[in-house]
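Engineer: I'd like to ask some things about the structure below.
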Amino acid sequence: MARTGNKNIQAKLVLLGDMGTGKTSLVLRFVKGQFYDYQESTIGAAFFTQILSLNEATVKFDIWDTAGQERYHSLAPMYYRGAAAAVVVYDITSMDSFIRAKRWIQELQRQGDHCFLTILFIDLLGNPNLVMVLVANKTDLETKRKVETEEGERYAQENGLLFIESSAKTAQNVNELFYEIAKRLAKAC
Ligand code: GDP
Ligand code: MG
(Lines give C-alpha, C1' and ligand atoms only; values in the text may rest on other atoms or scores of the structure.)
(Ligands and ions follow the chains in the order given, each with its own letter.)
Protein backbone atom coordinates (compact mmCIF):
# COMPACT_ATOMS: atom_id res chain seq x y z
CA MET A 1 0.00 0.00 0.00
CA ALA A 2 1.33 3.38 -0.97
CA ARG A 3 1.91 5.66 1.95
CA THR A 4 0.59 9.13 1.54
CA GLY A 5 3.12 11.91 1.77
CA ASN A 6 6.05 9.61 1.14
CA LYS A 7 8.86 11.48 -0.54
CA ASN A 8 11.75 10.21 -2.61
CA ILE A 9 14.89 12.14 -1.91
CA GLN A 10 18.22 11.77 -3.64
CA ALA A 11 21.04 13.38 -1.74
CA LYS A 12 24.72 13.80 -2.38
CA LEU A 13 26.73 13.31 0.79
CA VAL A 14 30.40 14.21 1.01
CA LEU A 15 32.98 13.18 3.59
CA LEU A 16 35.69 15.50 4.80
CA GLY A 17 38.42 15.26 7.37
CA ASP A 18 42.02 14.28 7.76
CA MET A 19 43.44 11.15 6.31
CA GLY A 20 43.18 8.23 8.71
CA THR A 21 40.23 9.55 10.71
CA GLY A 22 38.00 6.73 9.45
CA LYS A 23 35.92 8.30 6.67
CA THR A 24 36.13 5.28 4.38
CA SER A 25 35.59 2.93 7.33
CA LEU A 26 32.40 4.75 8.33
CA VAL A 27 31.07 4.46 4.79
CA LEU A 28 31.99 0.78 4.51
CA ARG A 29 30.40 0.09 7.89
CA PHE A 30 27.21 1.83 6.77
CA VAL A 31 27.05 0.41 3.23
CA LYS A 32 28.51 -3.08 3.74
CA GLY A 33 28.14 -3.56 7.48
CA GLN A 34 31.82 -4.44 7.77
CA PHE A 35 35.04 -3.12 9.23
CA TYR A 36 38.51 -3.63 7.79
CA ASP A 37 41.34 -3.31 10.30
CA TYR A 38 44.20 -2.86 7.88
CA GLN A 39 42.52 -0.87 5.23
CA GLU A 40 44.85 0.92 2.87
CA SER A 41 43.74 4.46 3.49
CA THR A 42 44.68 5.87 0.09
CA ILE A 43 42.90 3.20 -1.88
CA GLY A 44 39.21 2.84 -2.34
CA ALA A 45 36.27 3.43 -4.55
CA ALA A 46 35.19 7.02 -4.33
CA PHE A 47 31.48 6.52 -4.79
CA PHE A 48 28.83 4.51 -2.94
CA THR A 49 25.07 4.53 -2.85
CA GLN A 50 22.77 3.45 -0.05
CA ILE A 51 19.03 3.77 0.49
CA LEU A 52 17.42 4.49 3.84
CA SER A 53 13.68 4.20 4.33
CA LEU A 54 12.06 6.44 6.88
CA ASN A 55 8.36 6.66 7.60
CA GLU A 56 8.09 9.99 5.85
CA ALA A 57 10.61 9.50 3.03
CA THR A 58 12.98 7.25 1.17
CA VAL A 59 16.44 8.75 1.00
CA LYS A 60 18.96 7.58 -1.57
CA PHE A 61 22.43 8.67 -0.58
CA ASP A 62 25.09 9.23 -3.21
CA ILE A 63 28.16 9.10 -1.03
CA TRP A 64 31.38 10.68 -2.23
CA ASP A 65 34.42 9.47 -0.40
CA THR A 66 37.85 10.92 -1.11
CA ALA A 67 40.43 8.71 -2.75
CA GLY A 68 43.20 10.21 -0.67
CA GLN A 69 43.07 13.78 -1.97
CA GLU A 70 42.55 15.04 1.60
CA ARG A 71 46.23 14.32 2.09
CA TYR A 72 46.84 17.68 0.37
CA HIS A 73 44.31 19.41 2.63
CA SER A 74 42.25 20.62 -0.25
CA LEU A 75 39.49 19.14 -2.33
CA ALA A 76 38.26 20.28 -5.71
CA PRO A 77 35.05 22.35 -5.63
CA MET A 78 33.37 19.72 -7.76
CA TYR A 79 33.73 17.37 -4.81
CA TYR A 80 31.36 19.54 -2.75
CA ARG A 81 29.21 20.78 -5.60
CA GLY A 82 25.54 20.02 -5.14
CA ALA A 83 26.09 18.29 -1.79
CA ALA A 84 23.04 18.12 0.49
CA ALA A 85 25.03 16.80 3.44
CA ALA A 86 28.63 17.07 4.61
CA VAL A 87 30.15 14.80 7.22
CA VAL A 88 33.35 16.13 8.78
CA VAL A 89 35.28 13.46 10.64
CA TYR A 90 38.02 13.61 13.26
CA ASP A 91 39.70 10.92 15.31
CA ILE A 92 39.26 11.30 19.10
CA THR A 93 42.86 10.12 19.61
CA SER A 94 44.30 12.94 17.49
CA MET A 95 44.09 16.61 18.46
CA ASP A 96 45.58 17.48 15.06
CA SER A 97 42.67 15.82 13.31
CA PHE A 98 40.23 17.88 15.41
CA ILE A 99 42.04 21.12 14.53
CA ARG A 100 41.97 20.09 10.89
CA ALA A 101 38.26 19.23 11.10
CA LYS A 102 37.59 22.82 12.16
CA ARG A 103 39.51 24.02 9.09
CA TRP A 104 37.46 21.77 6.82
CA ILE A 105 34.32 23.24 8.33
CA GLN A 106 35.58 26.79 7.76
CA GLU A 107 36.36 25.89 4.18
CA LEU A 108 32.85 24.53 3.68
CA GLN A 109 31.37 27.66 5.16
CA ARG A 110 33.46 29.78 2.78
CA GLN A 111 32.08 27.78 -0.14
CA GLY A 112 28.63 28.68 1.10
CA ASP A 113 29.44 32.41 1.25
CA HIS A 114 30.88 32.27 -2.20
CA CYS A 115 27.69 30.72 -3.46
CA PHE A 116 25.58 33.34 -1.79
CA LEU A 117 27.45 36.22 -3.42
CA THR A 118 27.67 34.79 -6.89
CA ILE A 119 24.57 32.68 -7.13
CA LEU A 120 23.03 34.93 -9.77
CA PHE A 121 26.03 34.61 -12.02
CA ILE A 122 27.51 31.20 -11.51
CA ASP A 123 26.32 27.70 -10.99
CA LEU A 124 25.21 26.65 -7.51
CA LEU A 125 28.39 25.86 -5.64
CA GLY A 126 27.06 25.62 -2.13
CA ASN A 127 23.76 24.92 -0.51
CA PRO A 128 22.38 27.13 2.26
CA ASN A 129 20.42 24.14 3.59
CA LEU A 130 23.50 21.95 3.72
CA VAL A 131 23.22 19.46 6.59
CA MET A 132 26.58 19.41 8.34
CA VAL A 133 27.67 16.87 10.90
CA LEU A 134 30.82 16.79 13.00
CA VAL A 135 31.77 13.19 13.73
CA ALA A 136 34.18 12.20 16.51
CA ASN A 137 35.24 8.73 15.40
CA LYS A 138 37.13 5.84 17.07
CA THR A 139 35.31 5.90 20.41
CA ASP A 140 36.48 2.31 20.94
CA LEU A 141 39.94 3.85 21.59
CA GLU A 142 38.69 5.65 24.71
CA THR A 143 41.94 5.03 26.63
CA LYS A 144 43.87 6.99 23.99
CA ARG A 145 41.40 9.84 23.81
CA LYS A 146 42.92 13.30 23.25
CA VAL A 147 39.80 15.28 22.32
CA GLU A 148 37.14 15.48 25.01
CA THR A 149 33.52 15.02 24.00
CA GLU A 150 32.66 18.50 25.29
CA GLU A 151 35.20 20.16 22.98
CA GLY A 152 33.67 18.64 19.89
CA GLU A 153 30.16 19.24 21.14
CA ARG A 154 30.83 22.89 21.90
CA TYR A 155 32.41 23.59 18.51
CA ALA A 156 29.54 21.88 16.70
CA GLN A 157 26.98 23.84 18.67
CA GLU A 158 28.70 27.17 18.04
CA ASN A 159 28.73 26.46 14.32
CA GLY A 160 25.28 24.97 13.92
CA LEU A 161 26.42 21.42 13.21
CA LEU A 162 25.07 18.13 14.43
CA PHE A 163 27.53 16.24 16.60
CA ILE A 164 27.95 12.48 16.88
CA GLU A 165 30.59 10.25 18.46
CA SER A 166 31.04 7.00 16.58
CA SER A 167 33.13 3.92 16.06
CA ALA A 168 33.35 2.37 12.61
CA LYS A 169 35.00 -0.57 14.36
CA THR A 170 32.24 -1.43 16.82
CA ALA A 171 29.49 0.17 14.68
CA GLN A 172 28.52 2.47 17.52
CA ASN A 173 26.32 5.30 16.19
CA VAL A 174 27.17 4.67 12.52
CA ASN A 175 23.64 3.89 11.33
CA GLU A 176 22.36 6.58 13.68
CA LEU A 177 24.59 9.10 11.93
CA PHE A 178 23.09 8.42 8.51
CA TYR A 179 19.53 8.15 9.85
CA GLU A 180 19.90 11.49 11.55
CA ILE A 181 21.04 13.07 8.28
CA ALA A 182 18.21 11.40 6.36
CA LYS A 183 15.68 12.75 8.86
CA ARG A 184 17.06 16.29 8.52
CA LEU A 185 16.94 16.05 4.74
CA ALA A 186 13.38 14.76 4.78
CA LYS A 187 12.37 17.66 6.99
CA ALA A 188 14.11 20.22 4.75
CA CYS A 189 12.53 18.96 1.50
P1 GDP B 1 40.23 7.68 6.02
O2 GDP B 1 41.62 7.97 5.53
O3 GDP B 1 39.66 8.84 6.75
O4 GDP B 1 39.31 7.17 4.95
O5 GDP B 1 40.37 6.54 7.14
P6 GDP B 1 40.19 4.95 7.00
O7 GDP B 1 38.75 4.60 6.99
O8 GDP B 1 41.01 4.49 5.86
O9 GDP B 1 40.77 4.46 8.39
C10 GDP B 1 42.13 4.68 8.74
C11 GDP B 1 42.56 3.62 9.75
O12 GDP B 1 41.81 3.77 10.96
C13 GDP B 1 42.30 2.18 9.27
O14 GDP B 1 43.36 1.35 9.72
C15 GDP B 1 41.00 1.80 9.96
O16 GDP B 1 40.91 0.42 10.16
C17 GDP B 1 41.10 2.57 11.27
N18 GDP B 1 39.79 2.95 11.81
C19 GDP B 1 38.78 3.56 11.17
N20 GDP B 1 37.72 3.75 11.99
C21 GDP B 1 38.07 3.23 13.19
C22 GDP B 1 37.42 3.13 14.46
O23 GDP B 1 36.27 3.53 14.68
N24 GDP B 1 38.13 2.53 15.48
C25 GDP B 1 39.41 2.08 15.30
N26 GDP B 1 40.00 1.52 16.35
N27 GDP B 1 40.05 2.16 14.12
C28 GDP B 1 39.40 2.74 13.08
MG1 MG C 1 39.59 7.07 2.90
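Engineer: When the residues of the range 7-38 are filtered to those that are open to solvent by 70 Å² or more (accessible area, probe 1.4 Å) and either near ligand 1 (Cβ under 8 Å from one of its atoms) or polar (S, T, N, Q) (or both), which remaining residue is farthest from Lys183 (Cα to Cα)?
Structural biologist: Ranking the qualifying residues of the range 7-38, first place goes to Tyr38.
Engineer: Could you give every pair whose Cβ atoms fall below 6 Å, whose first residue belongs to the range 35-49 and is at pLDDT below 55, and whose second residue is open to solvent by less than 70 Å² (accessible area, probe 1.4 Å) and within 7 Å of ligand 1 (Cβ to nearest atom), counting only separations of at least 6 or pairs across chains?
Structural biologist: Matching pairs, first to second residue: Gly44/Thr24.
Engineer: Still on this structure, please answer the following. Listed residues Val88, Val59, Val31, Val135; which is touching an Asp or Glu at 6+ places or on another chain (Cβ under 9 Å) and at pLDDT 90 or above?
Structural biologist: Selected residue: Val135, the only one of Val88, Val59, Val31, Val135 that is touching an Asp or Glu at 6+ places or on another chain (Cβ under 9 Å) and at pLDDT 90 or above.
Engineer: Next question. For the range 149-170, how many residues are of a type in the set (A, V, I, L, M, F, W, C) and open to solvent by 40 Å² or more (accessible area, probe 1.4 Å)?
Structural biologist: Residues that pass the stated criteria total 1.
The values are calculated or read from the model by the stated rules, or taken from the named source; none is laboratory data. Please read all numbers here as calculations on a predicted model, not as lab measurements. A quick note on method: Cβ atoms are made from the backbone with ideal geometry, for glycine too, and the neighbour counts reach across all protein chains shown. Keep in mind that these areas ignore ligands, DNA and RNA; they rest on the heavy atoms of the full protein, side chains included. Shrake-Rupley method; radii C 1.70, N 1.55, O 1.52, S 1.80 Å.
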